[in-house]
1. Within region 27-71, can you find the residues that are assigned to a strand (DSSP E or B), β-branched (Val, Ile, Thr) and closer than 16 Å to residue 87 by Cα?
2. What pairs come out if I take residues in region 53-77 that are farther than 17 Å from residue 34 by Cα and assigned by TED's automatic domain parsing to the domain that holds residue 42 and pair them with residues that are among the aliphatic types (A, V, I, L, M) and surrounded by fewer than 15 Cβ atoms within 10 Å (Cβ to Cβ) whose C-beta lies under 7 Å away, six or more apart or interchain?
3. With respect to residue 48, determine if the residue is in contact with an Asp or Glu (Cβ under 7 Å, 6 or more places away or on another chain) and either of a type in the set (Ser, Thr, Tyr) or modelled with pLDDT of 65 or more (or both).
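The values are calculated or read from the model by the stated rules, or taken from the named source; none is laboratory data. Treat the numbers as computed from the prediction; the structure is a model and nothing was measured. We place every Cβ from the backbone using ideal geometry, glycine too, and count neighbours over all the protein chains shown.
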Amino acid sequence: MKKTIFYLTIAVVVLLCAGPLYSAEQHEAKDRFQLFNAEYKSTFIQTSKTTVFNEKKLFKIDSKTGETWMLIDVFKEGRDIKYWKKIKETPDN
């Protein structure tokens, strides 16, 4: 009988300790991605001239890895196509 109570006590303690850890993992996965709007300078290059203009886009950042994506919105063949394009890192010069 004492062994049964001992094992039940150990099981309860383990469950009580594991609960918050499991909850923290779910919370981390839920808040992993952050969305934000940003304005940046974009360049349209033509053979005769180059035009610089401000553009606004929606970005998504992975708070765990630091990877960033930009939402691309294209109208092609009568359809509105949206997809996330990963922003690649460029080396500092």
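1. Across region 27-71, the qualifying residues are 61, 68.
2. Pairs found: 74/81.
3. no
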